[in-house]
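The values are calculated or read from the model by the stated rules, or taken from the named source; none is laboratory data. The shown structure was predicted, so the numbers you read here are calculated from the model rather than taken from an experiment. Here the Cβ is made from the backbone with ideal geometry for all residues, glycine too, and neighbour counts use every protein chain on show.
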Amino acid sequence: MPNLHHYPRMAAAFTTLAASVLFACGSTQASNLRGDVSLTPSLTFQTLTTTPSAPQSAILTNSGNGALHIRSIAIAGSAAGDFTILPSQSAPCPSVLPSGSSCAVSISFASSAAVTASATLVVTHDNGPGGSLSTALTGTAVVPAPVA
């Protein structure tokens, strides 16, 4: 095998090939090549039926050593329509989240009926098998007290 220190392009190609082979073979070390990611565990909202809740943020963090390619961010579940992803003013999520970075997914809850609703925030990405993270969303809307 040639000394790859003298051939930087070959070294880069070999490293990429090795990462691809490890990833395809299901090596437990493959995810460390791409980056370890986490998402806020859950969010709970409370509001009146007459107004939307104050926004809350789910934080997506890439603590690994590689960039994370975000494919989609969505709300799923039977009550998904009661939750809204808002434009984040602080640190919106880019399509590629660099290593060591975090971003915020801002969400609000609103319902015109008195309910407790549940849905799931789903972030689909390219970081290894399974390629998605999710967090529970729960919202409670109550009818305001009558004005005397």
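Listing for the model above:
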| item | result |
| --- | --- |
| So SER108, is it of a type in the set (S, T, N, Q), farther than 19 Å from ILE70 by Cα, out of contact with any Gly (no Cβ under 8 Å at 6 or more places or on another chain) and outside any strand (DSSP E or B) | no |
| Tally, over region 81-105, of residues that are of a type in the set (Ser, Thr, Tyr) and touching a Gly at 6+ places or on another chain (Cβ under 9 Å) | 1 |
| Counted residues, region 46-55 - those being of a type in the set (A, V, I, L, M) and not in a loop (DSSP other than H, G, I, E, B) | 1 |
| Filter result for THR28 (in a loop (DSSP other than H, G, I, E, B), at pLDDT below 90 and surrounded by fewer than 17 Cβ atoms within 10 Å (Cβ to Cβ)) | yes |
| Residue within region 123-139 that is touching a residue at least 12 places away in the same chain (Cβ under 8 Å) and farther than 24 Å from ASP36 by Cβ present | yes |
| Which numbered condition THR116 fails, given (1) closer than 14 Å to GLN46 by Cα; (2) surrounded by fewer than 18 Cβ atoms within 10 Å (Cβ to Cβ); (3) touching a residue at least 40 places away in the same chain (Cβ under 8 Å) | (3) |
| Residue count, region 56-78 (criterion: of a type outside the set (S, T, N, Q), part of a loop (DSSP other than H, G, I, E, B) and out of contact with any Phe, Trp or Tyr (no Cβ under 9 Å at 6 or more places or on another chain)) | 3 |
| Check on PRO98, exposed (fewer than 14 other Cβ atoms within 10 Å of the Cβ) and under 15 Å from ILE59 (Cα atoms) | yes |
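Okay, residues lined up against (1) closer than 17 Å to THR50 by Cβ; (2) within 16 Å of the chain's Cα centre (by Cα); (3) not acidic (Asp, Glu); (4) not in a strand (DSSP E or B):
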residue	(1), (2), (3), (4)
SER88	no, yes, yes, yes
PRO94	no, yes, yes, yes
SER102	no, yes, yes, no
THR120	no, yes, yes, no
VAL123	no, yes, yes, no
THR135	no, yes, yes, no
ALA141	yes, no, yes, no
ALA145	yes, no, yes, yes
